[in-house]
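The values are calculated or read from the model by the stated rules, or taken from the named source; none is laboratory data. Just so it is clear, the structure is predicted and the values come from calculations on it, not from any experiment. With ideal geometry, Cβ positions are generated from the backbone for all residues, glycine too; neighbour counts draw on all protein chains shown. Note: areas computed on protein heavy atoms with side chains; ligands, DNA, RNA excluded. Shrake-Rupley method; radii C 1.70, N 1.55, O 1.52, S 1.80 Å.
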Amino acid sequence: MVEIKPLSDYLDGLLPALGVNKKRELLRLLYEVVKRDGVAPQTVLPVEKNLNFERAKKILLQKRYPHSFGKAPKSAFYLPKLELDPAQRADLTPHAFSPKNIYIEPAVADSPLARRARERFPAAQFHAWDGQEMVGSPSFSRRNETLVIHREKYDFLKPCPCSAGNAGCGYNLVNLGFGCRFDCEYCFLQQYQNLHAVLLPANVQDFLDKIDGAAFRRGPFDRPRIGSGEFTDSLAFDELTQYSRALVPFFRARPQLQFEFKTKSTCIEGLLAEAGAENVVVSWSVNAPQFIERVEHFTPPLAQRLAAAAQVAQAGYRLGFHFDPVVPFDGWKAAYTQAAEQMAQSVPADQVAWISVGLLRFSRELKKAVENRFPDNFILDGEFLLDFDGKMRYPEDLRQEVYSHMVPLLRRLFPRAVVYVCMEKPHLCSCAL
Ligand code: SF4
C-alpha cells in the first residue's frame, strides 16, 4: 500500500508555497502514478528549475493519462481529495456466511425463510425487527454479520435504471434481496449500500403477484426479460431463500416471459431440484481467470462457474453470460479470448440465449470506496475519464477496441446467442454489431 505522507512531504519540499486545492490535485496525481508504476515520487516528478504548479500538473497529467492527455477535455480528469482510511480496508480472510444477528419482521416470523434461518444459524442472536429501527454492522466489510428477513411492501418490479443517454436493453428487475456474500473490488454496493446487512424478503409470492398484467419493455429480445440480480447475486443465498423453487415453476407457466438468474455462484441445487425451463435463463458473470482470482474475492473460479452452467443446461435451462466488467489489462485480448473459448468448450453453445459485454465503469463515489477497501487494487489504474452520464469510463477508442474484439469473437463462438453491449452510448453499441 502506498503511504500518502511521504508523497505529501515530497511535494511540500518541491513546491512549498502551494495552496490547499492545488496541493490536493498534485497529491492525487502523484499518488496514482506512484501506485500504478511502483516507483518513487522523485522519478515521477523530479526536481526541476523553476517548477511551478502548472508545470507540475502538466507533467503529472501526462504521466497519469498518457493516452488521453491532449485529447480529453481537462474537466474529464477527476481529481478528488485523497483520503485513505486504513480502518475501511476489506477483510479478505475466507469465511462462511454465518450471521451473528438475525432480525426478523414479525409479519414474516413464521415464513419458511425465517424457519430455515433459525435451523441453519442456531448460534445467531434472533431479534424482532419493526422495520423502523436501522440495524446493521458498523462497517460494510462486516455486513454479512447481520441478516434481515423482512416483508417487502413497495419495491417489487421496475425497469432496469440504465443511465440516460445509453442504449438500453429493455431489462426489468425484481429486487429479491439486497447485499452479497462475495466481495468483488468493483462492486457498486460498497458505495451504494448504507445499511450494512443482508436483506432478504420472505414474501416472494407478493413479487410474483405483480408480474401478471404488468407492462414490460423488451429491448432487442424476442420476449421481455426479468431478472433478480441488481442488488445481490441471484443465487448466492438460494440454499437459504429457495427463491428458485418459486420462480422456476412460475415462469415455466408463462412462456411469453423470460426470467434470468444472474450469478457468480455455484448454488444450483434449487434449480436442479426443479425441471428446467426454456424461458428460464441462468446467467454467469464471467471474466478472465486471473482477474477473477485477483479481484472477485470469495467467488468460484471460472472453471467451476462453467461446470455449474453445464449442469443447469443439462437440466433444461438456457444459459446467459456477462463478460462484465471487462478490464483491458496487459494481455487482455489473449486472456479474454481464452476465457470465451473455454466457455464454448464447456457448455452447449446452442443453449446460450445471450451474452453481454461491458467494460468497467463506476460512479465517482465508488472510486473512493474501492481505494479505501482495496488500496492495492489495480482496477483503478486504468485511464478513467468522467463521461457524459457522470460515470467514470475508459476512453472511447479503447472501449471501441474492446467491443470490436469481443463481440465478433462471441458471435462466432455462440452464433445463436444475442450478443450485446451493456450500458453504452448507442454509436458504440452499433460499431460492435
Ligand atoms: S457478485 Fe455482484 S453483488 Fe456480489 S460482490 Fe460481486 S459484484 Fe457485488
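In table form, for the structure just shown:
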{"quantity": "Residue satisfying all of: in segment 189-223; modelled with pLDDT under 90 and not charged (D, E, K, R); farthest from V280 (Cα to Cα) among these", "calculated": "N194"}
{"quantity": "Qualifying residues in segment 348-377 (those that are over 18 Å from the mean Cα position of the chain (by Cα) and in a strand (DSSP E or B)) - the one surrounded by the most Cβ atoms within 10 Å (Cβ to Cβ)", "calculated": "V352"}
{"quantity": "Pair list, Cβ under 6 Å, 6 or more apart: segment 133-154 residue in contact (Cβ under 8 Å) with a residue 24 or more places away in the chain, other residue open to solvent by 100 Å² or more (accessible area, probe 1.4 Å) and in a loop (DSSP other than H, G, I, E, B)", "calculated": "E145/K100"}
{"quantity": "Qualifying position, being in contact (Cβ under 8 Å) with a residue 40 or more places away in the chain, outside the structural domain of L60 (by TED's automatic domain parsing) and in contact with a Gly (Cβ under 6 Å, 6 or more places away or on another chain), among F388, F362, F378", "calculated": "F388"}
{"quantity": "When residues of segment 54-72 are limited to those that are over 28 Å from the mean Cα position of the chain (by Cα) and of a type outside the set (A, V, I, L, M, F, W, C), the one most open to solvent (accessible area, probe 1.4 Å)", "calculated": "K71"}
{"quantity": "Scan of segment 192-227 for residues that are away from the ligand (no atom under 11 Å from the Cβ) and part of a helix (DSSP H, G or I), ordered by number", "calculated": "V204, Q205, D206, F207, L208, D209"}
{"quantity": "Test: residue in segment 336-347 that is more than 19 Å from K264 (Cα to Cα), among the small types (G, A, S) and surrounded by fewer than 21 Cβ atoms within 10 Å (Cβ to Cβ)", "calculated": "no"}
{"quantity": "Residue count, segment 308-323 (criterion: assigned to a helix (DSSP H, G or I), among the hydrophobic types (A, V, I, L, M, F, W, C) and open to solvent by 10 Å² or more (accessible area, probe 1.4 Å))", "calculated": "1"}
{"quantity": "Residues of segment 272-307 satisfying the condition of being open to solvent by 10 Å² or more (accessible area, probe 1.4 Å), of a type in the set (A, V, I, L, M, F, W, C) and within 16 Å of the ligand (Cβ to nearest atom)", "calculated": "F298"}
{"quantity": "Within segment 94-189, strands (runs of 3 or more DSSP E) holding 1 or more residues that are out of contact with any His (no Cβ under 8 Å at 6 or more places or on another chain) and surrounded by 21 or more Cβ atoms within 10 Å (Cβ to Cβ)", "calculated": "146-150, 171-173"}
{"quantity": "Search result, residues across segment 228-257 that are in a helix (DSSP H, G or I) and either within 16 Å of the ligand (Cβ to nearest atom) or open to solvent by 10 Å² or more (accessible area, probe 1.4 Å) (or both)", "calculated": "D238, E239, L240, T241, Y243, R245, A246, P249, F250, R252"}
{"quantity": "Lone qualifier among F207, F216, F231, F221 - being within 30 Å of Q290 (Cα to Cα), assigned by TED's automatic domain parsing to the domain that holds N377 and touching a residue at least 12 places away in the same chain (Cβ under 8 Å)", "calculated": "F231"}
{"quantity": "Any pair with Cβ under 7 angstrom, 6 or more apart, that starts in segment 268-296 at a residue that is closer than 21 Å to A90 by Cβ and without any contact (Cβ under 8 Å) to a residue 60 or more places away in the chain and ends at one that is polar (S, T, N, Q) and within 16 Å of the ligand (Cβ to nearest atom)", "calculated": "I292/T299"}
{"quantity": "Looking only at segment 208-227, and only at residues there that are of a type in the set (K, R) and within 16 Å of N175 (Cα to Cα), the one that is surrounded by the fewest Cβ atoms within 10 Å (Cβ to Cβ)", "calculated": "K210"}
{"quantity": "Residue that is least open to solvent (accessible area, probe 1.4 Å) [pool: residues in segment 262-271 that are within 16 Å of the ligand (Cβ to nearest atom) and within 19 Å of I226 (Cβ to Cβ)]", "calculated": "T263"}
{"quantity": "Matching residues in segment 381-418 - criterion: being part of a loop (DSSP other than H, G, I, E, B) and of a type in the set (S, T, Y)", "calculated": "Y394"}
